Amino acid sequence: MTEGHEPLATIFRRLIANYGPITIQHFMGESNARYYSQRDPLGASGDFITAPEISQMFGELIGLWLTDMWVNAGRTTPVHYVELGPGRGTLARDALRAAKRYGLEPTVHFVESSTALKDLQLTTVPQAHWHADLSTVPPYGPVLIVGNEFLDALPIRQLVRTAQGWRERMVACEEDRFVAIAGDKPMEAAVPETLREAPEGTLIEVSPAAAAVVYEIAGRLVDQGGAALLIDYGHDHPRTGSTLQALREHRKVEPFAMPGEADLTAHVDFAALAAVVQARGATWLGTTTQGQFLRQLGIESRADNLTQFAPEHRDAIHAAMERLIGEGQMGALFKVMGIAAPNWPGGAGF
């Protein structure tokens, strides 16, 4: 914990004691803001590992997908590469290297709030421009937007059907422990009509924050041209049940146990986000599994080429590929959603 910072758990206990239970959305939003502001959470010494850190092939193929979209749309300049939550900058570095081979050299924009990660990104991609959110990214020229494991960390709301009707799940404090309880305000208006009569105990998750980000991305594509890839673990059909989880040192921990000290995430509802894209007037190219997407883009051929170039790393290269596309690894759980401007071409992999 950073010196001078009061533990977030202490702040939450005081808040709950004075004003009553807080929403899961509040708990998750504040926890992740604190968590990401002061650490590099990635890699073996961190709390989790992401696809770009597993293999350069991941970023290269994304760079080639974006380049293909840009070339087929007429090579308009100026063009901007925009990454949401770019981690250490690894994905951007690999994607931009691959894109440059085919003439795409965009200006680079990172949407990042973590000071610790900005320092790492500056070393990896020194030409980048940093933004607190999408609003300050240039409003002219096509945008090529990537968000890898960005949406899953945005705060969610949980709604549960109780004997009294639909209520929002809240976080209360019992004997110094944070626990989830049902709130006391009716929430029927926030529940889709098809689910309003669901059985008692049914729980649904919604992410107004994720919907707002995707709405803004789609609006940028409509106004400026461009394409976007959003990659995350989640589901492409509506589902019920809690997916809230916390990761600390590569292990799952109780979600409410250590606010601000563990990475809180929830599965992304890609079905809901596809509806947001279409309502905004952008083209939803489709949502597919990461394994299927990377296979369609030729990851197996790329792995073979890398093996020929560095035969001593053959086992490591193929193990990394399997981790990215294997059904029991990231291949099925992670989804890829493609979005494009209305007048842009369809994309490979969907």
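Laid out as a table, the results:
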read-out: Computed Kirkwood radius, in angstrom, where 1/r is averaged over Cα pairs of segment 189-262; value: 15.8 Å
read-out: Length-normalised contact order of the chain in % [C-alpha pairs under 8 Å, at least 6 apart]; value: 20 percent
read-out: Trypsin sites (Lys or Arg not before Pro) lying in DSSP loop within segment 170-237, provided at most 15 other Cβ fall within 10 Å; value: R196
read-out: For the chain, built as a Gaussian network whose Cα springs stay under 10 Å, the top-fluctuating residue of H313, H267, H235; value: H313
read-out: Exposed GluC sites (Glu not before Pro) absent - longest run of the chain, DSSP non-H/G/I/E/B, at most 13 other C-beta within 10 Å; value: 4-174
read-out: Rough spin-label spacing in nm, given labels placed 7 Å along Cα→Cβ, for D119 and R13; value: 3.0 nm
read-out: Calculated [θ] (222 nm, deg cm²/dmol) that DSSP helices of n ≥ 4 give over the chain, each run adding -39,500 (n - 2.57); value: -11000 deg cm²/dmol
read-out: Residue exposure sequence - Y81, Y36, Y19, Y102 - by fewest surrounding Cβ within 10 Å; value: Y19, Y102, Y36, Y81
read-out: Packing-based exposure ordering (other Cβ within 10 Å, fewest first) of M258, M28, M330; value: M258, M330, M28
read-out: Where Rh is the Kirkwood radius over Cα pairs, Rg/Rh for segment 93-179; value: 1.19
read-out: Translational diffusion of segment 240-350, µm² s⁻¹ [Kirkwood Rh, Cα pairs; Stokes-Einstein; 4 °C; 1.567 mPa s]; value: 77 µm²/s
read-out: Gaussian network model of the chain, Cα within-10 Å springs - most flexible of G338, G74, G147; value: G74
read-out: Cα-Cα separations in segment 229-273 greater than 16 Å, expressed as whole percent; value: 44 percent
read-out: Under Karplus coefficients 6.51, -1.76 and 1.60, residue-wise ³J(HN,Hα) of segment 128-141 in Hz, glycine/proline x; value: 5, 10, 9, 9, 6, 7, 6, 4, 9, 5, x, x, 10, x
read-out: Selected from A319, A272, A218 as most flexible by GNM, with the chain as the system and alpha-carbon contacts under 10 Å; value: A319
read-out: Descending semi-axes in whole angstrom, ellipsoid equivalent of the chain, from the Cα gyration tensor; value: 35, 23, 20
read-out: Table column - 3J(HN,Hα) (Hz), segment 317-324, Karplus curve with 6.51, -1.76, 1.60, x for Gly and Pro; value: 5, 6, 5, 5, 4, 4, 5, 6
read-out: Proximal lysines relative to K335, as straight alpha-carbon distance under 23 Å, when same-chain residues fewer than 8 apart are discounted; value: K252
read-out: In nm, spacing of pseudo-spin labels at R251 and W130 (7 Å Cα→C-beta vector); value: 3.3 nm
read-out: Theoretical gain in end-to-end length, A319 to A189 [0.36 nm per residue, Cα-Cα removed]; value: 42.0 nm
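No value in this document is a laboratory result; all are computed from the given coordinates. Just so we're clear, the structure is a prediction, and the values are computed from it rather than from any experiment. Using ideal geometry, Cβ is built from the backbone for each residue, glycine included, and neighbour counts are taken over all protein chains shown.
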